[in-house]
Each structure stands twice: as structure tokens, then as C-alpha cells.
Amino acid sequence: MRTEGRSDKWWKNAVVYQIYPKSFQDSNGDGIGDLQGIISRLDYLQELGIDAIWLSPVYKSPQDDNGYDISDYQDIDPMFGTMEDMERLIAEAKKRNISIIMDLVLNHTSDEHRWFLEAQKSKDNPYHDYYVWRDGVEGTPPNDMIACFGGSAWQWVPEVDQYYFHQFSVKQPDLNWENPKVRREIYDMILWWMDKGVGGFRLDVIDQIAKEPDLKITGNGPRLHEFIRELSKETFQKGNMITVGEAWGANPERAKLYSNPDGSEFSMVFQFEHIGLDQQEGKSKWDLAPLDFLKLKTVLSKWQKELYQVGWNSLFWNNHDLPRIVSRWGNDGEYRVESAKMLATVLHGMQGTPYIYQGEELGMTNVKFPMEDYRDIETLNLYAERKEAGYPIGAIMESIYSKSRDNARTPMQWDSSTNAGFTHGTPWIKVNPNYTEINAESELQDENSIFNYYKKLIRLRKDHEVFVEGDYELLYADHPDIFAYTRTFGNIRLLVIANFHGNTIPFSLPSEYEGRLKLLISNYDTPLEGTLRPYEAAMYLVR
Ligand code: NOJ
């Protein structure tokens, strides 16, 4: 039962909604979101108008990294439900014309995966070579590579007297893609999911699969695109899948390969060049710096131009690894509603497939928790490491408030009842205390809500071909506050104007457009005249 009824390249005018299952909706009171919970909220997503759900991992997992450590790719973790629930979700979503995009974590498994349990038994176990092993150097690791979550990237196993390589936690051993048997197992597993009727896949850290640890290469290894082309040919190309690779190391040149219109690799990738623009150059995301706004415009515009007709962009501000955009680059105080809408306008007018992360459509914000309320392994490790290194606690907490992944992982705010309607039990992570004001129930009732603004943006994208096809041109490139651009397709033009900041600035629409503009959407009810108010944004069709 592979996806039927979707046209070729259907994902070009699709809008994807990301669900982080643990925090979306609990149905059984254990404090953890689950599949039945998601099913119960499908009508809400249909109302929003999305075409696909990217589901963060629900596979069997010890949850060392919230499911990105998979111990069985073909089973559902009991905390999320059963395979029957999963099948029901696929079917119920399909009824609403929503495809399910599974999150494929193919760079590593859990150390509790059957393959790894075998692999560590002996060097001649048939599964040993499924992972990346090296001998130590006089009792120390093969080299000084550091894992993304801190500490050495090598872990010694006494039974085999070797070290295995892990780019993430010690419980996430890296798979050995050089081994054709590993690749075949992966392809068969993917085909099995395709037969279940899923509509696509998001590929976790896919640019790290072709690692060469002896050369200290992790991302963009020499065989990367060879592996991806084989993967695509053996699996995705046999169905009408939407595929999106997570590629932190992508530049436009590489993205053209990944998203080649010939379909030889993926539909698109997530690139992160804009995401690093509020950190100190050459340092980590925790080393905060103000957003370089001019650079943001340059970077996003570069991707728009470079992939035009030769690739395809994904468009996103948020995901489960990133802080909430309204707190990050908008204003989560006085202008929360205006700035959330402005950010949505700027993004959704661009060319590419937009991704909305759960709660973004409500303008959900970052949290400031006491340390004991954080759950994310990356945040906990960072805190321990920096404390040990002597950083002042206040500075560590500032970094965590701004960048912790838990900002995105607090429960979805459904209504103003206890725990925001997320659970009847004790939530696995605390709810953002602002749920009494910010929640879906109240936004559904308010025609000027952020939710209804997103709904309208999604609708516009479907109604006007220029959103999909239009060629992008940045306007006012050097203006310190304005983000504006046009998209042109034949004689149709879309004009997007936004004040990215909280000050009122003088502004008049370009005189060439006088009398030719039809307002499509705006975040203030009176149209702009002579000024742009704080975070004011509007989209016009030029006739
Ligand atoms: C990227 C995922 O988005 C993140 O949540 C995870 O921790 C790492 N990959 C490791 O799988």
C-alpha cells in the first residue's frame, strides 16, 4: 500500500508540520505524548491545512536521546503505543489527506539494538562489522575526536578489546555504511515502512553517514553522495516519497546534489546556515551573539537564488533542536503576536517547502527553568562541562535559556486547563507556565490569532502558483530593519515587506507599484501608510 493519489513533486506546494510525539498529546495519563494522542488531534491539523506530518522518532528506543537512539526500526516504543496505533495513525491521517513522514535515524542505532548487542560479543560475530571499530593506541582511544554531546567519540568494549565510534552519545554507536550488508538491511526496512503507507522520510544527520574516523572526517565524507544515490534508488524512488535530509554541513553546491530535480537523491535538505547567525564566529551555539540581521538576509537570499530551478529549499525557523523563533528573533513580550506573524510572513513567502514545528503556529515561547527541570542530554552535558570548566553559573544559564533544545520540547499548549490539556498525569517535562494565555483553544476562537494567520498563509500558498514557482529578488538589502523581497512568475508578482524589529520606521511602498497592489495578508488591520510599525509585515500581489 505505497502512497497513492499524490502527484509527482507534490511536496513542492505542501506544508509540513513537525510533531515531537513525546510532547504533543498524552492519551493515557503517563505524562508522555503518544500515538493515540496524535490521532485525537488530527482534526486540529486538518483545520490548520497542512499536508504532511514529520513525526520525530516513535520507534522502540531506550530514550537516551529521546528516540534518536533506535533499538528496533520495525517496532513502536510502548510508551508511544503499538504498531496497530501507528497503522491507525497512517490511515486516519490519509483520510484527511495528510501524509506521515517518518524520521529515519540511519547514522547510528541504540547500543541496545540487536545488531549492536551481537556486534560487541566478538570480533568474528557477523554483526561486528555493522559498526565502526578501531584498536586503541597503548590503552587510549584511537584518536582525540569529540562526540557532539561532549566527551570522547570512542568507547572501549572489553569483550572485543576495541573502541567503537559514536558521533553522539555513548549509547548511539555509529553504523558502518561501508558494509553493504548494513545498507541492504536499511533499504529493506525502509521498503517495509513504505509498504505500510507512509508518505516520506526525514533523514537524521544524513551528511554524517560517510564518516572516515581515521582521517577525522565526520560530515560530507568522500562516499556520501554515492551512498545517498544508492539509498534513494533502492527505496524512495520506488514510491512517491517526500524526503528531506538533515545536513548541517550543506552549502548550496551540495544542496543542488541532494535536491537534484532528477530525483536521484532527496526532495530537499534542511540546511542550517541561517541558524548559526546568533553565535560567536567559530564557536558553539552556546556562545551567544546578537543576530546579524544583514547576514540573515544575505544567507536566506543566497539559498533562494542558488537553488532556483536546480534544486529545492526547505523553509524553517524551528524544530525540536532549536529554540522558539518568537523568543529568538522576534519579541516574546509586548509584540509576541505581531512578531510571530511577521516571522511567518517572511518565511512562507519564500520558495521551498515550509515546515511548522508544533506550537510555532500558536507563538509558543522559550522557557526559563531551574536546572533540575531540564531533561535534554545535550543541555545536561553542557551544564556539567561548563560548570567544571569554571564558567559562571549565570552565563551558563543564559546560554541554556537561549539555546536549550528543551525550549522546543515543553508540552504543546492545548488549553488553559491543568498541564495545558497535554496530560492528566505528571508531564515528563514541565509545561511552559504561560499556557493559560497561549493555547490552541483560545487561538482557534480568535480570528486574529497566530494560528489563524498561519492557516491563511498555508491557504495562500495553495491558491497562488507564484509561491511555488516565483523567482526571488531581495529588496532594500542594506536596510537595517526591513526584510523585503519579490517573487516573480510570468506577469504575476508577489511582494513581501516586513519590519524585522520593534521600532517604527519611515517607509513608503515603491512608487512603481502604486495602484497595482492587492493585499493578501498583513499582521496589522490598517494598511501601512508612511511608516512600518513594530514587526509590521504584509504580502501583496502586484497586478
Ligand atoms: C539530529 C536530531 O535532530 C537530534 O535531535 C539528535 O539528537 C541527533 N540528530 C542525533 O540523532
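The values are calculated or read from the model by the stated rules, or taken from the named source; none is laboratory data. This one's a predicted model, so the numbers in the text were calculated from it and none came from an experiment. Ideal geometry is used to build each Cβ from the backbone, glycine not excepted, and the neighbour counts take in all protein chains shown. These accessible areas exclude ligands, DNA and RNA; they are computed on the full protein's heavy atoms, side chains included. Shrake-Rupley method; radii C 1.70, N 1.55, O 1.52, S 1.80 Å.
Could you work out how far the C-alpha centroid of segment 342-416 sits from that of segment 457-510, in angstrom?
Cα centroid of segment 342-416 versus Cα centroid of segment 457-510: 28 Å apart.
Given H placed on each backbone N at 1.01 Å, which residues far from Glu212 in sequence or on other chains put an amide H within less than 5 Å of it?
Ile217, Thr218
For the chain, take the longest principal axis of its alpha carbons; what is the angle in degrees between that and the long axis of helix 336-348, to the nearest 10 within 0 to 90?
The two axes meet at around 80 degrees.
What FRET efficiency would be calculated for the residue pair Phe489, Trp156, taking the C-beta separation as r and a Förster radius of 51 Å, to the nearest 0.05? Show your work: numbers first, answer last.
Working: r = 58 Å, r/R0 = 1.14.
Computed FRET efficiency for Phe489 and Trp156: 0.30.
Quick check: at a probe of 1.4 Å, how many percent of the accessible area of the chain sits on carbon and sulfur atoms? Intermediate results must be reported in sequence, preceding the final value.
Values: 9870 of 20610 Å².
Roughly 48 percent, rounded to a whole number.
Return the lysines within reach of Lys285: Cα separation strictly under 24 angstrom, same-chain partners fewer than 8 residues apart disregarded; answer none if there are no such residues.
Here the lysines satisfying the reach criterion relative to Lys285 are Lys171, Lys211, Lys216, Lys295, Lys297, Lys302, Lys368, Lys387, Lys403, Lys430.
Find me the longest stretch of the chain that has none of the exposed GluC sites (Glu not before Pro), where exposed means in a DSSP loop (not H, G, I, E or B) with at most 16 other Cβ atoms within 10 Å. Let's see the in-between values first.
Numbers: sites that count: Glu4, Glu112, Glu138, Glu159, Glu178, Glu281, Glu334, Glu437, Glu447, Glu465, Glu514, Glu529.
The longest uninterrupted stretch comes out as 5-111.
Under 5 Å between amide H atoms, partner at least 5 residues away or on a different chain: which partners does Ser314 have, H built in plane at 1.01 Å?
Those lying under 5 Å, H to H, from Ser314 are Val269, Gln271, Thr353.
Could you give the angle, 0 to 90 degrees to the nearest 10, between helix 180-195's Cα long axis and the longest principal axis of the Cα atoms of the chain?
50 degrees
Could you state the angle between the C-alpha long axis of helix 377-388 and the longest principal axis of the C-alpha atoms of the chain, as a value from 0 to 90 degrees rounded to the nearest 10?
Around 80 degrees separate the two axes.
Can you pull the percent of Cα pairs in segment 24-78 with separation above 16 Å?
Details: 743 of 1485 pairs.
So the portion of pairs separated by more than 16 Å is 50 percent.
Cβ under 13 Å from Asp373's Cβ, Asp373 left aside: what net charge do those residues give with Lys, Arg +1 and Asp, Glu -1? Present the calculation step by step, with values, prior to reporting the outcome.
On the way: positive: Lys368, Arg375, Arg409, Lys430; negative: Glu372, Asp376, Asp406.
Counting the neighbours of Asp373, the net charge comes to +1.
In vacuum, with every alpha carbon of segment 114-165 counted as one equal point scatterer, what does the Debye formula give for log10 I(q)/I(0) at q = 0.15, 0.17 Å⁻¹? Two decimals, please.
-0.39, -0.50
Rg/Rh for segment 280-431: what does it come to with C-alpha atoms and Rh from Kirkwood?
1.00
Asp129 versus Asp373, label points 7 Å from Cα toward the beta carbon: distance in nm?
5.2 nm
Would you calculate, for the chain, the mean residue ellipticity at 222 nm contributed by helices, counting each DSSP H stretch of 4 or more residues as -39,500 (n - 2.57) and dividing by all residues, to the nearest 500?
Dividing the helical sum by the residues of the chain leaves -7500 deg cm²/dmol.
Excluding ligands, DNA and RNA, what is the solvent-accessible area per residue of segment 468-542 at a probe of 1.4 Å, expressed in Å²?
45 Å²
Principal axis lengths of segment 468-542 from Cα atoms, whole Å, largest first?
35, 25, 22
Principal axes first, then extents: for the Cα atoms of the chain, list largest minus smallest coordinate on each axis, whole Å, largest first.
77, 51, 45
Counting only residues 5 or more places away or on other chains, whose amide H sits under 5 Å from the amide H of Ala153 once H atoms are built in the peptide plane?
Met145, Ile146, Ala147
Please work out the ratio of the alpha-carbon Rg of segment 165-315 to 2.2 N^0.38 Å and round it to two decimals.
Normalised Cα radius of gyration, segment 165-315: 1.13.
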